[in-house]
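Data first, discussion second: the structure below is written as structure tokens.
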Amino acid sequence: QVQLMESGGGLVQPGGSLRLSCVASGKFFSINTMGWYRQAPGMQRELVATFTSSGSTNYADSVKGRFTISRDNAKNTVYLQMNSVKLEDTAVYYCRARITTSVYWGQGTQVTVSS
């Protein structure tokens, strides 16, 4: 069984920064893809940033230049550095990983941008 545990969410002012972490645990050989999605109230879940199976990164247009995804393979951990946050970044942020043909989701961490 694979588990994803997110941390780092909270309340941040517009223009501020926040760093999210996601640790994958359990029995697996390697992780194919790992990244971040978010879901705002009344909205569909959307991609924020992810590592692809080739190791490249994909970002939503709305976060390009502000958010940075990084990882520590030895720790099975992916990070999301969020800078210059905006009110519209408020959402529950979910970690997603694909291991072989199975997709796993974390329980999510709330990020609230408010003055």
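The values are calculated or read from the model by the stated rules, or taken from the named source; none is laboratory data. Predicted, not measured: the structure shown is a model, and the values here were computed from it. Don't worry about glycine lacking a Cβ; one is built from the backbone with ideal geometry, like all the others, and counts go over all protein chains shown. Keep in mind that these areas ignore ligands, DNA and RNA; they rest on the heavy atoms of the full protein, side chains included. Shrake-Rupley method; radii C 1.70, N 1.55, O 1.52, S 1.80 Å.
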- Filtering the stretch 1-18 down to residues that are open to solvent by 60 Å² or more (accessible area, probe 1.4 Å), within 30 Å of S115 (Cα to Cα) and part of a loop (DSSP other than H, G, I, E, B) yields Q13, P14, S17
- Out of the stretch 28-51, which residues are modelled with pLDDT of 95 or more, assigned to a loop (DSSP other than H, G, I, E, B) and among the hydrophobic types (A, V, I, L, M, F, W, C)? A40, M43
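Given the options S21, S54, S25, name the one that is modelled with pLDDT of 95 or more and either surrounded by 15 or more Cβ atoms within 10 Å (Cβ to Cβ) or hydroxyl-bearing (S, T, Y) (or both).
After applying the criteria, what remains is S21.
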- Task: Could you tell me which numbered condition A49 fails, if it satisfies all but one of (1) closer than 23 Å to V2 by Cα; (2) in contact with a Lys or Arg (Cβ under 7 Å, 6 or more places away or on another chain); (3) open to solvent by less than 20 Å² (accessible area, probe 1.4 Å)?
- Result: (2)
- Tally the residues that are within 14 Å of D89 (Cβ to Cβ), open to solvent by 50 Å² or more (accessible area, probe 1.4 Å) and charged (D, E, K, R), restricting the search to the stretch 28-46. 1
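Given the criteria surrounded by 12 or more Cβ atoms within 10 Å (Cβ to Cβ) and of a type in the set (A, V, I, L, M, F, W, C), does A91 qualify?
On the way: surrounded by 12 or more Cβ atoms within 10 Å (Cβ to Cβ): yes; of a type in the set (A, V, I, L, M, F, W, C): yes.
Yes; evaluated as a whole, the condition is true for this residue.
Could you look through the stretch 74-84, keep only residues that are in contact (Cβ under 8 Å) with a residue 40 or more places away in the chain and not hydroxyl-bearing (S, T, Y), and pick out the one that is surrounded by the fewest Cβ atoms within 10 Å (Cβ to Cβ)? Even if it seems obvious, please write down each step before you answer.
Residues of the stretch 74-84 that are in contact (Cβ under 8 Å) with a residue 40 or more places away in the chain, as a first pass: 75-84.
If we keep only those that are not hydroxyl-bearing (S, T, Y) as well, we get 75-76, 78, 80-83.
Working: K75: 10, N76: 19, V78: 28, L80: 26, Q81: 15, M82: 26, N83: 14.
In this case the residue turns out to be K75.
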- Message: So G16 passes all but one of these: (1) closer than 14 Å to A91 by Cα; (2) of a type outside the set (S, T, Y); (3) out of contact with any strand residue (DSSP E or B) (no Cβ under 7 Å at 6 or more places or on another chain). Which condition number does it fail?
- Response: (1)
- Note on the structure: Restricting attention to the stretch 66-113, the residues that are closer than 22 Å to F28 by Cα, touching a strand residue (DSSP E or B) at 6+ places or on another chain (Cβ under 7 Å), polar (S, T, N, Q) and not in a loop (DSSP other than H, G, I, E, B) number exactly 2
